[in-house]
1. Would you check which residues across region 93-124 are more than 16 Å from the chain's Cα centre (by Cα), part of a strand (DSSP E or B) and at pLDDT below 95 and list them?
2. List pairs: first residue in region 131-142 and closer than 14 Å to VAL204 by Cβ, second residue modelled with pLDDT under 90 and of a type in the set (Gly, Ala, Ser) anywhere in the structure, Cβ distance under 6 angstrom, at least six positions apart or on different chains.
3. So the check is Cβ under 6 Å with 6+ separation or different chains; which pairs have a first residue in region 89-117 that's over 19 Å from ARG194 (Cβ atoms) and more than 16 Å from the ligand (Cβ to nearest atom) and a second one that's not in a strand (DSSP E or B) and not acidic (Asp, Glu)?
4. Are any residues in region 147-166 without any contact (Cβ under 8 Å) to a residue 40 or more places away in the chain and under 15 Å from ARG202 (Cα atoms), and if so, which ones?
5. (1) aliphatic (A, V, I, L, M); (2) surrounded by fewer than 17 Cβ atoms within 10 Å (Cβ to Cβ); (3) within 20 Å of the chain's Cα centre (by Cα): which one isn't true of LEU185, the others all being true?
6. Restricting the search to region 68-115, which residues are closer than 16 Å to HIS22 by Cβ and of a type in the set (Gly, Ala, Ser)?
7. Can you pull out the strands (runs of 3 or more DSSP E) entirely within region 18-73 that have at least 1 residues that are touching a strand residue (DSSP E or B) at 6+ places or on another chain (Cβ under 9 Å), within 16 Å of the ligand (Cβ to nearest atom) and among the β-branched types (Val, Ile, Thr)?
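The values are calculated or read from the model by the stated rules, or taken from the named source; none is laboratory data. Everything numeric in this text was worked out from a predicted model, so none of it was measured. Note that we place each Cβ from the backbone using ideal geometry, even for glycine, and neighbour counts take in every protein chain shown.
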Amino acid sequence: MKHLAALLSVSLTIAAQGQITHELVVEDDEFNPPSLTIALGDHVHITWDNSVQNDHDVTQISEATWNVNGTTLLPGGFQFGVGTPNPGTDFTITPTATAWYICTIHASMGMKGVINVTGGNGIEEATAQELYQLAPNPANTTVTVVSPNSGAFNVRFTDAAGRLCMDRTLNAERTVDVSTLTEGLYLVEFRDLRGKLLARQRAVVAH
Ligand SMILES: [Cu+2]
């Protein structure tokens, strides 16, 4: 518990200092990336790709509207780039809550995106990156996830080529068998059961 308190204190400092700008690019018929996860206070810089030929806008809508491919602007929401293939300028937003957005022209064909904002409603989210740890690392046959999360969550190992090598749901147990993984460096993602990214770490497997 003392250890956890120390971690929390360090992590809160990091969370308060680090404001990052994430890039969001409008391309023909898609937003890249369509899903962004940012920390509270981070900025999102929106630009149009040079190759864009058709009109696309970036319009914030409610989650309910997003779910049914609707296009009604959220009251007070952001809207950029209406009526032009390229507005000729860029925009920076600082969402304080999860933002669902679409292109009003192409929402029905799936030109939709979401910006998830973590840290707005719980200490676990704000500090997740530092609180989800793997030990030992490098790992030989098993690796144990050290986390403040007492509930179930997913842990996914992706190799250097981007292949998903393991996808496990951890309930009460926190130990993962890595004996079947080939040696190398893995990206490890922790996600809640709805698929939302909680944290990323790197793990080395060496037998
Ligand atoms: Cu569009």
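1. Correct list: ILE93 only.
2. The qualifying pairs are LEU134/ALA203; ASN137/ALA203.
3. ILE93/PHE78
4. Scanning region 147-166 gives VAL155, ARG156, THR158, ASP159, ALA160, ALA161, GLY162, ARG163, LEU164, CYS165, MET166.
5. Here LEU185 clears every test but (3).
6. ALA97, ALA99, GLY113
7. Numbers: elements: 21-27, 30-32, 35-39, 43-48, 58-61.
Qualifying strands (runs of 3 or more DSSP E): 21-27, 43-48, 58-61.
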